[in-house]
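Reviewing the structure listed below.
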Amino acid sequence: MRTETILSEYLTFEPAVDSDAAPLAEIRVRAMQPSLERIGRFDPQRARDRFLSGFCAANTYHVVVAGINVGFFVLKQHSPGVMLLDHLYIQPEQQNRGIGSTVLREVIYRAMQRKCSLRVGALKKSDSNRFYTRHGFVLTEQTENDNYYVYPYMDAQSLTD
């Protein structure tokens, strides 16, 4: 926990702009490569195109640690009462340092402030499945290649107590 406490002092979230789309797509490709290779579906151009086709700067935030962009997340309204964590990627060389956990706590807090549950999807063979369940997400749906999780709504005040 001490590492995460120190980390959070240097971690900020900066709004994305339209010109950030291509560099963020590259972070996505690098972060997803191992998971996509496990299911035999790694196609870097397809991964870029899928991200770019739905990119909306208004919902996208850079994850910045000590002035260095280490990743990003996309949080948007999915349906009434449900926010969607559409993307959360940390650059591979920055993973396993508590950054993703710190970001996820912030994203959960933002959803709870809006009185929403939080939905997220993960490739079935991705390490992110353990990450989300470890943080309290509950598996609600499975498809051929993906798992979908929900973090149920609770009063945002209880998250800070």
For this session: Find which of Tyr10, Thr133, Ala66 sits farthest along the positive direction of the dipole of the chain, computed with +1 on the beta-carbon of Lys and Arg, -1 on that of Asp and Glu, about the Cα centre.
Result: Thr133
Exercise. Could you give the dipole magnitude of the stretch 2-160 about its Cα centre, charging the beta-carbon of Lys and Arg +1 and that of Asp and Glu -1, in debye to the nearest 20?
Worked result: 340 debye
Problem set entry | Highest to lowest packing among 111-119, 46-54, scored as the average C-beta count within 10 Å | 111-119, 46-54
Problem set entry | Mean projection area, nm², convex hull over Cα of the chain | 9.4 nm²
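Read the figures in this text as sums done on the coordinates, not as results from a lab. Remember, it's a predicted structure, so these values are computed and weren't measured experimentally. Here the Cβ is made from the backbone with ideal geometry for all residues, glycine too, and neighbour counts use every protein chain on show.
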